[in-house]
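> Please find one structure pasted underneath; my questions will follow.
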């Protein structure tokens with residue numbers, strides 16, 4: 001049986017994202033990790049503003065946003081971050097991280113996630 005795939009497209013302020021999610025039923029199937037799109041300088045500035053507006057820097061370190069939060073993990077130099085992980089964590093939260101899925105639109109979560117992935121120092 002062919003694996004079930006879900007294709008999700010979001011567009012916001014010129015930001016086009018595509019993610020592929022797989023059911024994992026087929027033995028030879030590999031999952032495809034969605035990659036963060038490259039943002040323009042204008043989109044980076046909008047992502048920075050959103051990061052600051054939602055007080056992400058109260059918990060997280062992110063040099064681009066001049067954020068030095070002492071609670072959550074540093075977003076700079078964090079080799080464990082992937083775009084899908086950041087999207088999921090912002091939307092659903094976990095532990096001390098609150099979920100923002102009910103407060104931010106999917107497009108905003110996608111843009112904030114892309115911003116974090118592009119500017120975090122690796």
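Just so it is clear, none of the values below were taken in a lab; they were calculated from the coordinates. Since we're looking at a predicted model, the values are computed, not measured. We place every Cβ from the backbone using ideal geometry, glycine too, and count neighbours over all the protein chains shown.
> Along each of its three principal axes, how wide is the spread of alpha-carbon positions in segment 32-119, in whole angstrom units, largest first?
Sorted from largest, the Cα extents of segment 32-119 read 29, 27, 25 Å.
> Same structure again: Run the numbers on segment 32-119 and let me know its relative contact order in percent, using alpha-carbon pairs under 8 Å that are six or more apart.
Relative contact order for segment 32-119 comes out at 31 percent.
> Please work out how much length the chain gains when fully extended from residue 38 to residue 105, using 0.36 nm per residue of separation minus the C-alpha to C-alpha distance, in nm with one decimal.
22.1 nm
> While we're looking at this one, here's another question. Using a Förster distance of 35 angstrom, determine the FRET efficiency expected from the C-beta separation of residue 58 and residue 121, and round it to 0.05.
Efficiency for this residue pair is about 0.95.
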